[in-house]
Amino acid sequence: MTGIFCETFGHTNRNKILEFFLEMSNTDYGLADIARLLNMNKATVYNTAGELINKQIITPHRTLGRTQTYILNKKNPTVQFLIQTFHQMLNTICEQEAKLLLSQPSAF
C-alpha cells in the first residue's frame with residue numbers, strides 16, 4: 001500500500017509508515033498491525049517507528065490489552081507541515097481527475 005506521498009518522496013520504510021499515519025491521522029494503531037497492513041517486517045516497523053517516536057512524529061496513544069497504540073502527533077510543527085502537504089497533494093490529484101473526467105465525452 002503506497003500512494004502519492006511515497007511516489008513523491010520515495011518508497012522508503014519510513015515514508016511508507018509516515019504515509020500510513022497521514023492517511024489514518026485520526027486513528028491509532030499498534031505497530032504489529034501496521035506491519036501486517038503494510039506487509040512489512042515487524043522488526044523494520046518497530047525500528048522505524050522508534051525513530052519517528054524519538055522525533056515526536058508519532059506518540060503513544062493508549063494501551064489495548066498488551067498492545068501500545070500510536071497516533072500522529074498533530075501538535076508537532078513538522079507533522080502539521082506534513083499533513084498540510086499531504087492534503088495539498090490529495091487536492092491536486094482530485095483536481096486533475098476532475099479535469100480529466102470533464103474533458104471526456106459524456107457516456108449518456
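The values are calculated or read from the model by the stated rules, or taken from the named source; none is laboratory data. Quantities reported herein were computed from a predicted structural model and do not represent experimental measurements. All Cβ positions, even for glycine, are placed from backbone atoms using ideal geometry, and neighbour counts span all protein chains on display.
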Which of the residues spanning segment 29-49 are out of contact with any helix residue (DSSP H, G or I) (no Cβ under 6 Å at 6 or more places or on another chain) and within 11 Å of Ile17 (Cβ to Cβ)?
-> Tyr29, Leu37, Met40, Asn47
Residue list for segment 23-63, filter: at pLDDT below 95 and in a helix (DSSP H, G or I) | Glu23
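Just to verify a result, which residue in segment 74-87, among those that are within 23 Å of Asp33 (Cβ to Cβ) and more than 12 Å from the chain's Cα centre (by Cα), is surrounded by the fewest Cβ atoms within 10 Å (Cβ to Cβ)? So that I can check it myself, show each step before the final result.
Within segment 74-87, the first condition is being within 23 Å of Asp33 (Cβ to Cβ), and the residues that meet it are 74, 76, 79, 82-83, 86.
Now drop any that are not more than 12 Å from the chain's Cα centre (by Cα), which leaves 74, 76.
Numbers: Lys74: 11, Asn76: 16.
Filtering segment 74-87 for residues that are within 23 Å of Asp33 (Cβ to Cβ) and more than 12 Å from the chain's Cα centre (by Cα), the one surrounded by the fewest Cβ atoms within 10 Å (Cβ to Cβ) comes out as Lys74.
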Filtered residue count, segment 81-108, keeping only those that are farther than 22 Å from Glu7 by Cβ and at pLDDT 95 or above | 0
